[in-house]
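First comes the structure, then the notes that go with it.
The values are calculated or read from the model by the stated rules, or taken from the named source; none is laboratory data. Model, not experiment: these values are computed from the prediction. Positions of Cβ are backbone-derived with ideal geometry, glycine not excepted, and every protein chain shown enters the neighbour counts.
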Amino acid sequence: MATFVLNEKDGREKTALSSEYAQIWFDNRSKGTTIEIGLSDPPLNPARPNKPELVRAGEVPRRRPNTLNGQIAILHSIAHIELNAVDLHWDIIARFANIKMPVGFYDDWVKSAQEESNHFNLICDCLEELGSYYGDLTAHDGLWQAAIDTRDDLLGRLAVVPMVLEARGLDVTPNMIRLFEKAKLKNAVKALKTIYEEEVSHVAYGSKWFNFLCGRNNLDPKIEFHRLVTKYFNGFLKPPFNEEKRADAGLPPDFYWPLADQLNINTSYK
């Protein structure tokens, strides 16, 4: 099921398939049964629609956020992030199915994929309300590079994707909500508030399973997190940090503040 989602190129169809499979998973779980965790061959890169055209991060046009075009550009960027997130959550299921994990691991990432699917559609609806659509602008593929870099390292995937990239969403989303409140775009505000509330649990799932694996392998979580982020993340952790929400997600300050001081500036992610 995870690989089928990854191989679907249309965004709306991909998220519909994602939601359908998530419902099947949880319907079985509610009956006390669990779908067998098999093995498959997920693609290195998920299928993508012909548009948006993917360019390097620095080539994505910048627009003033207080203009309609600027607001559309921000929403388009968020839609692209959410579509990548759908694939990232299904990919962690398919790519690491050879590693024995508790069934709760699959519960968490299926739920995350289901929520990210809803986020994508909410933002696409907002774009269409403003006379645009997903694919109308260019986008970059920096988020998926993190998946490629960590394709053989589950601990690295957990450290970089939910605990760095998704945690960044906790830092920046409150300002975006205020921006769209000022623009009186009620549906965008509602969508962003939903994303903000649910993103905390996605980061928390990453933290939970990262700590679980560190415990199983007798590793110090903080030392291992610093090592893996330094190895795999091509950027630096940029303050200010939303310390309250990061704490809610199980990320203490001594995990991320040292990395803000050590790594070079690169804002190509989130």
Checked against (1) of a type in the set (D, E, K, R); (2) outside any helix (DSSP H, G or I); (3) over 22 Å from the mean Cα position of the chain (by Cα), LYS51 satisfies every condition except (3)
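Per-residue answers, yes or no, for (1) surrounded by fewer than 24 Cβ atoms within 10 Å (Cβ to Cβ); (2) in contact with a Lys or Arg (Cβ under 9 Å, 6 or more places away or on another chain); (3) polar (S, T, N, Q); (4) in contact (Cβ under 8 Å) with a residue 24 or more places away in the chain:
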position	(1), (2), (3), (4)
ILE123	no, no, no, yes
LEU127	yes, no, no, yes
GLY135	yes, yes, no, yes
LEU143	yes, yes, no, yes
LEU154	yes, yes, no, yes
So which pairs qualify, if the first residue must be in the stretch 188-213 and over 18 Å from CYS124 (Cβ atoms), the second must be crowded, with 23+ Cβ neighbours inside 10 Å and hydroxyl-bearing (Ser, Thr, Tyr), the Cβ gap must be under 8 Å, and the two must be at least 6 apart or on different chains? SER201/SER112; HIS202/SER112; TYR205/SER112
If the requirement is being surrounded by fewer than 19 Cβ atoms within 10 Å (Cβ to Cβ), of a type outside the set (A, V, I, L, M, F, W, C) and closer than 30 Å to THR34 by Cα, which of these qualifies: LYS184, LYS111? LYS111
State the number of residues belonging to the stretch 138-165 that are of a type outside the set (A, V, I, L, M, F, W, C) and under 17 Å from GLU224 (Cα atoms). 7
In the stretch 43-79, what residues are among the small types (Gly, Ala, Ser), at pLDDT 95 or above and in contact with a helix residue (DSSP H, G or I) (Cβ under 6 Å, 6 or more places away or on another chain)? ALA79
Go through the stretch 54-81 and count every residue that is in a loop (DSSP other than H, G, I, E, B), in contact with a strand residue (DSSP E or B) (Cβ under 8 Å, 6 or more places away or on another chain) and not hydrophobic (A, V, I, L, M, F, W, C). 1
Suppose we keep only residues that are of a type in the set (S, T, N, Q) and part of a loop (DSSP other than H, G, I, E, B) within the stretch 129-163. Which one would you say is farthest from GLN71 (Cα to Cα)? THR150
